[in-house]
Amino acid sequence: MDSDSRPRLPRHIAIVMDGNGRWAERRHRPRSFGHREGQKAVRAAIEYCRRKGVEALTLFAFSSENWKRPDEEVGALMQLFLDALDREVDELHRNGVHITFVGDLGAFAPELAARMQDAMRRTAANTALSLNVAVNYGGRWDIVQAARTLAQSAARGELEPAAIDETLFGRHVCLDGQPPVDLFIRTGGEVRVSNFLLWQIAYAELYFTEALWPDVDADVLDAALAEFARRERRYGLTSAQMRAVS
């Protein structure tokens, strides 16, 4: 719908960062080594989005299902989170990045939860990029917690059930107040959404790449954005209708 010749840019990109473990196994290294290497790709993706002018980036760091992984791997991931908070937050803050952790944070150890809260408070006023890190997050959990909140309001007589519509419901899921997700990227060759942002990606363009997450760089992201720019987003309209309003 843009009237100028510049490529359309997604305002909000969401990424399932898949393939860390397989990347390490192919090199005969422990899976935790792949997760550490994947942090380099996280930094590159954040810088890429800042440079391109993307408004929001949401990264699927740890799903509610990931607790089922071997204890050693989960423990290594928790330590990586702690290390990253110690090492990365100062630089992100200097670069104007606003950090938000989304998910059920109550499941984390108090020390880790406190550091996440501190990172959110410190960066709350930043405007260069909204970085959302989904941890202990699941799309079904997100929808259920929104429904529970609205049901409790209705039970207290504060809300008429008939008043619940998509707009009101959307105010109670994660990422409310941010641009809708325009582009969903999954790395690692798998072609599924894996319970990530089920409500928020309803109209997102889906892009799947064979690249394992530690190998994701500007070239991989350029290819995703180029594909996004080629697609016609019609939102239920016909191509002729879209041309008429562009």
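The values are calculated or read from the model by the stated rules, or taken from the named source; none is laboratory data. As the structure is a prediction and not an experimental result, all values here were calculated from the model. As a convention, Cβ positions derive from the backbone with ideal geometry for all residues, glycine included, and neighbour counts pool all protein chains shown. For the accessible areas, the whole protein counts, side chains as well, though only heavy atoms, and no ligand, DNA or RNA atoms are used. Shrake-Rupley method; radii C 1.70, N 1.55, O 1.52, S 1.80 Å.
Listed by first and then second residue, the pairs linking a residue in segment 70-81 that is in the same structural domain as Glu25 (by the TED database) to a residue that is aromatic (Phe, Trp, Tyr), with Cβ atoms under 9 Å apart and 6 or more places separating them unless they lie on different chains, are Val74/Phe62; Val74/Trp67; Leu77/Phe62; Met78/Phe62; Met78/Phe108; Phe81/Phe62; Phe81/Phe108.
Residues in segment 183-206 that are charged (D, E, K, R) and open to solvent by less than 20 Å² (accessible area, probe 1.4 Å): Arg186 only. Screening Arg27 against (1) touching a Phe, Trp or Tyr at 6+ places or on another chain (Cβ under 8 Å); (2) open to solvent by less than 80 Å² (accessible area, probe 1.4 Å) leaves a single unmet condition, (2). Restricting attention to segment 8-24, and to residues there that are out of contact with any strand residue (DSSP E or B) (no Cβ under 8 Å at 6 or more places or on another chain) and either part of a strand (DSSP E or B) or within 20 Å of Leu206 (Cα to Cα) (or both), which single residue is least open to solvent (accessible area, probe 1.4 Å)? The selected residue is Gly19. Of the residues making up segment 150-180, those that are open to solvent by 30 Å² or more (accessible area, probe 1.4 Å) and under 30 Å from Leu92 (Cβ atoms) number 6.
Taking the listed residues Glu88, Glu55, Glu25, the one that is modelled with pLDDT under 95 and either of a type outside the set (Gly, Ala, Ser) or within 19 Å of the chain's Cα centre (by Cα) (or both) is Glu88, with no other qualifying. Of the set (1) surrounded by 15 or more Cβ atoms within 10 Å (Cβ to Cβ); (2) under 24 Å from Pro30 (Cα atoms); (3) within 19 Å of the chain's Cα centre (by Cα), all apply to Ala76 but (3). Between Ala147, Ala134, the distinction of being in contact (Cβ under 8 Å) with a residue 60 or more places away in the chain and open to solvent by less than 60 Å² (accessible area, probe 1.4 Å) belongs to Ala134 only.
Within segment 163-204, the residues that satisfy the criterion of being under 28 Å from Arg22 (Cβ atoms) and free of Cβ contacts under 8 Å to residues at least 60 places away in the same chain are Val191, Arg192, Leu198. Being open to solvent by less than 50 Å² (accessible area, probe 1.4 Å) and out of contact with any Lys or Arg (no Cβ under 8 Å at 6 or more places or on another chain) is a property that Ala229 lacks.
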